[in-house]
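Coordinate-derived values only; no laboratory data. Quantities reported herein were computed from a predicted structural model and do not represent experimental measurements. Neighbour counts run over all protein chains shown; Cβ positions are idealised from the backbone, glycine included.
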Amino acid sequence: MGAALTLDSVLPMELIPPSRGFDTTRRLPNLRTRVEHILRKSRRSPSLERRTMSRWPLPVLLELRPLAREVPEALAIELVVVGKDLSESGIGFFHDRPIPYRRGVVTFHPGDGAPLAVEVDLSWCRFTRMGWYESGGRLIRVVDEPALA
């Protein structure tokens with residue numbers, strides 16, 4: 001493994017601007033200790049990684065809707081989801097309510113081109129402590145005409 005990650009490597013003390021009414025000499029060491037603890041706990045060992053494909057961060061809003069043939073109209077809710085990560089074969093995202101279908105279409109809206117709609121087999125979902133859901137699945141195919149999917 002590489003060198004230990006410390007708050008000094010992220011934000012050196014000399015870059016922290018002085019603030020009015022805040023005693024950095026007394027409070028900052030405790031803050032630094034807590035943030036370093038969070039950074040250490042958030043680092044995963046490479047041996048814990050189960051995926052075989054590289055993933056890229058995907059911090060964008062996406063549209064998710066069910067395949068037309070997948071669910072009855074009453075359950076056909078469309079959601080705006082927050083992208084988490086993307087690989088050549090899968091996607092992960094966050095959402096604020098349960099998804100009542102297994103197959104959906106995720107639509108990307110790149111700033112420089114036409115939207116891209118992709119069918120997704122949603123294979124996992126996890127409820128987070130913050131009241132959101134985290135889900136993901138396998139990319140199946142590009143949907144040429146999203147309205148007909």
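For the stretch 64-149, the ratio of Cα radius of gyration to the globular rule of thumb 2.2 N^0.38 Å stands at 1.05.
Using only Cα atoms, what Kirkwood radius does the stretch 84-123 have, in angstroms?
Values: mean 1/r = 0.0865 Å⁻¹.
Evaluated over the stretch 84-123, this radius sits at 11.6 Å.
With q set to 0.26 Å⁻¹, the log10 of I(q)/I(0) for the stretch 59-104, from the Debye formula over equal scatterers at the Cα positions, is -0.99. Between residue 58 and residue 80, the contour length at 0.36 nm per residue exceeds the Cα-Cα span by 6.5 nm. The charge dipole of the stretch 61-149, taken about its Cα centre with unit charges on the Cβ atoms of Lys, Arg (+1), Asp and Glu (-1) only, comes to about 400 debye.
Find out how many positive minus negative residues lie around residue 133, taking Lys and Arg as positive, Asp and Glu as negative, among other residues whose Cβ is under 15 Å from that of residue 133. It would help to have the intermediate numbers written out before the result.
Details: positive: 84, 97, 102, 126, 129; negative: 96, 134.
Net of charged neighbours comes to +3.
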